[in-house]
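Below is one structure, written out as C-alpha cells; comments come after it.
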Amino acid sequence: MRALCWQGDRLTVAEVPDPELRNGHDAIVRVRCSTTCGTDLHLIDGGAFGPGDVLGHEFLGEVVEVGPRVRRHRVGDRVVVASVVACGRCRYCQQGQHSCCDNGSVDPTADELAWGQAPAACYGHPSAGGGFAGGHAEYVRVPYADVGAFTVPDGVSDERAVFASDAAPAGWTGVDVGGVCPGDVVAVWGAGAVGQLVAQAAVLHGAARVVVVDRYDERLRMVERHTGAETVHYQRADVTAELRERSGGRGPDVCVEAAGAVGGSRSLAERLRRASRTPLALREAVHACRKGGTVVVLGDVTDFVDAFPVGAVVQKELTMRGTRPHGPRHIPTLLEQMARDELRTEHLATHRFPLDRGPEGYALFRDRTDGCVRVLFTPD
Ligand SMILES: NC(=O)c1ccc[n+]([C@@H]2O[C@H](COP(=O)([O-])OP(=O)(O)OC[C@H]3O[C@@H](n4cnc5c(N)ncnc54)[C@H](O)[C@@H]3O)[C@@H](O)[C@H]2O)c1
Ligand SMILES: [Zn+2]
Ligand SMILES: [Zn+2]
C-alpha cells in the first residue's frame with residue numbers, strides 16, 4: 001500500500017507492506033481521510049521519526065477485516081479511530097484516562113526512562129511513542145478495535161467526523177481536566193484546530209467568556225465565526241492586561257495552552273541535550289491565570305523545560321494539569337453532538353489533498369500559508 005513516511009531527511013509517499021491482523025481484537029481499516037496535527041510538526045522538528053515510520057494519528061475509514069474477538073464492528077462499518085491506543089481494561093482505561101493506558105504501548109522503554117512510566121501509544125508516532133503505523137496511508141491496523149474505533153452516524157460527513165479522532169477529544173479533555181464550570185472565564189493560547197476546539201468545548205460547557213489568543217488574523221476570524229469565543233491578537237495587545245480586563249480584574253479561571261510544544265526527541269540523552277526554556281505561551285498562561293485557577297498544558301511537550309515559573313504556581317496556588325486526549329471517553333458524545341449539528345468541525349479542514357501530495361500538504365500546514373488550519377488527505 002501507499003503511505004506517507006519519514007525517509008530519514010524528508011517526507012515521502014512510499015510503498016510499504018499492507019498491515020495484517022495480529023491479535024483477535026484487531027481490525028484493519030481502509031482509510032477514507034486523515035488530517036495533519038501540530039504534534040506531527042513537533043515530531044518532525046524533534047528528529048523523532050526513524051526511516052519508514054508512517055505518520056498520521058487523526059483518521060477515519062471503513063472496516064475491511066476484523067479479528068475473531070472484535071464484537072462491536074463488522075466489515076463495512078464507517079469508523080473514526082481514537083488517536084491514542086488504549087486497551088479499555090486497565091485501571092486507567094476504566095477511569096476514562098485512556099491516554100495513560102498501561103497496555104497501549106508496544107515499546108515503553110524510552111518513555112519509562114524519561115518519565116518514570118510510559119503513557120498510551122498514539123498512531124503515527126515513532127517507536128518512543130508506541131510504534132503504531134499512522135493514518136496517512138491506505139490501510140491501518142487498529143488494535144483493541146472495540147475500544148478505539150467508533151461507528152460514525154449516517155449523515156455526519158467524513159470531514160466533520162475525522163476531528164472526533166484527536167483534535168476534538170483534546171479540546172474536550174482540556175476543558176474536562178481544567179474543571180471548567182458554567183460562568184467561568186477561559187483563556188486559550190493557540191487558534192489552531194486544537195485551540196479552536198478547546199474554545200468550542202468551553203462554550204458548550206457553559207463558560208461565560210472564552211478568549212482565544214493567537215497572531216493569525218484568519219484563524220482568529222475563524223474562532224469568532226465558528227466558536228462563540230472572543231479573540232486577542234498577541235502582537236497587538238498586552239495579553240495579560242487584556243485578559244485581566246475581560247475577567248473582572250481577576251484573570252481567567254482556567255488557562256489552556258494549546259499553542260505549541262517542546263521536543264519530540266527520541267532518546268533521554270537527546271531530550272536532556274535539547275532542554276529548553278519555558279515556551280512563551282505557557283509562561284503567559286501561568287502569569288495571567290487568576291489566583292487559585294487552573295492551567296492546562298495541551299501542547300505536546302515531550303522534552304525537558306527549564307525556567308518554568310514554579311513560584312507563580314506556589315504563590316498563586318495554581319493547579320497545573322497536563323493531558324493528552326481521553327478519546328474513547330469523549331468520542332461517543334462528540335459524534336452525537338456532530339449528528340445533532342451542535343458541533344461543526346469541517347471548516348477546520350481548510351485544504352484537501354490526495355495522499356500522494358502529502359509532503360506538499362505538510363509544507364503548507366507548517367507554513368500556515370493560504371489560511372491553512374488543517375490539511376485533509378484522501379488516499380484515492
Ligand atoms: N494534548 C493533546 O491532547 C493534544 C492533541 C493534539 C494536539 N496537541 C498539541 O496542541 C498544540 C496545538 O495543535 P494544533 O494542531 O492546533 O497546532 P497548530 O500548529 O495548527 O496551531 C498552534 C497555534 O498556536 C499559535 N501560537 C504559537 N505561539 C503562541 C503564543 N505565544 N501565544 C498564542 N498563540 C500561539 C500559533 O500561531 C498557531 O496558530 C500542539 O502543540 C499539538 O502538539 C495536543
Ligand atoms: Zn494530534
Ligand atoms: Zn488500558
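The values are calculated or read from the model by the stated rules, or taken from the named source; none is laboratory data. Every value quoted in this text rests on a predicted model; they were computed, and no experiment measured them. Note that we place each Cβ from the backbone using ideal geometry, even for glycine, and neighbour counts take in every protein chain shown. For accessibility, only protein heavy atoms count, side chains too; no ligands or nucleic acids. Shrake-Rupley method; radii C 1.70, N 1.55, O 1.52, S 1.80 Å.
Of all DSSP beta bridges located in the stretch 168-322, what percent are antiparallel, nearest 5?
Bridges in the stretch 168-322 are about 0 percent antiparallel.
Could you pull the accessible area for W189 with a 1.4 Å probe, rounded to 10 Å²?
Rounded to the nearest 10, the figure is 10 Å².
Please list, in order along the stretch 279-291, the HN-Hα scalar couplings obtained from phi with the Karplus expression 6.51 cos²θ - 1.76 cosθ + 1.60 (θ = phi - 60°), rounded to whole Hz, x for Gly and Pro.
x, 3, 4, 5, 4, 5, 5, 5, 5, 7, 4, 5, 4
Given a 1.4 Å probe and the protein chains all in place, what does the accessible area of H42 round to, in Å² to the nearest 10?
Result for H42: roughly 40 Å² accessible.
Go ahead and set up a Gaussian network model of the chain, Cα springs under 10 Å, then flag whichever of A82, A118, A269 fluctuates most.
Its mean-square fluctuation being the largest, the pick is A269.
Apply the Karplus curve 6.51 cos²θ - 1.76 cosθ + 1.60, θ = phi - 60°, to the phi angles in the stretch 215-225 and return the couplings in whole Hz, x for Gly and Pro.
10, 8, 4, 5, 5, 5, 5, 4, 4, 5, 6
Working from Cα positions, state the angle (0 to 90°, nearest 10) between the long axis of helix 327-339 and the longest principal axis of the chain.
90
Say we join alpha carbon atoms closer than 10 Å with springs in a Gaussian network model of the chain; which of R71, R30, R290 then has the biggest fluctuation?
R71
Per DSSP H run of n ≥ 4, the term is -39500 (n - 2.57); total these for the chain, divide by its residue number, and report the mean residue ellipticity at 222 nm rounded to 500 deg cm²/dmol.
Calculated from helices alone, the mean residue ellipticity at 222 nm is -8000 deg cm²/dmol.
In terms of solvent-accessible area of protein heavy atoms at a 1.4 angstrom probe, what is the ranking of R273, R244, highest value first?
The most accessible residue leads, giving R273, R244.
Give the angle, between 0 and 90 degrees and rounded to the nearest 10, that separates the Cα long axis of helix 193-204 from the longest principal axis of the Cα atoms of the chain.
With both axes taken from Cα atoms, the answer is about 70 degrees.
Could you please put R340, R366, R91 in sequence from largest to smallest accessible area, using a 1.4 Å probe?
Values: R340 135, R366 95, R91 160 Å².
Order by accessible area, largest first: R91, R340, R366.
To test your reading of the geometry: what angle, between 0 and 90 degrees and rounded to tens, separates the Cα axis of helix 167-177 from the longest principal axis of the chain?
Roughly 50 degrees between the two axes.
So for the chain, what are the equivalent ellipsoid semi-axes in whole Å, largest first, each being the square root of 5 times an eigenvalue of the Cα gyration tensor?
Result for the chain: semi-axes of 32, 22, 20 Å.
Where both residues lie in the chain, what percent of DSSP beta bridges are antiparallel, nearest 5?
50
Extending each Cα 7 Å along its Cβ direction at E230 and T333, get the distance between those two points in nm, one decimal.
Simple spin-label model gives 2.6 nm for this pair.
Can you tell me which of 305-313, 328-336, 280-288, 152-160 comes out highest on packing, and rank the rest after it, using the mean Cβ neighbours within 10 Å?
280-288, 328-336, 152-160, 305-313
What distance in nm lies between label points placed 7 Å from Cα along the C-beta direction at R2 and R357?
Once both label points are built, they end up 1.2 nm from each other.
To the nearest µm²/s, what D does Stokes-Einstein give for the stretch 168-322 at 37 °C and 0.692 mPa s, using the Kirkwood radius over alpha carbon pairs as Rh? Could the numbers behind the result be given before it?
Working: Rh = 15.4 Å.
Once the numbers are plugged in, D ends up at 214 µm²/s.
Just to verify a number: what accessible area does E245 come out at with the full protein assembly present, 1.4 Å probe, Å² rounded to tens?
140
Just by accessible area at a 1.4 angstrom probe, what is the order of T345, T323, T369 from largest to smallest?
T369, T323, T345
Nearest-5 percent of antiparallel DSSP beta bridges in the stretch 4-137?
Of all bridge pairs located within the stretch 4-137, approximately 95 percent are antiparallel.
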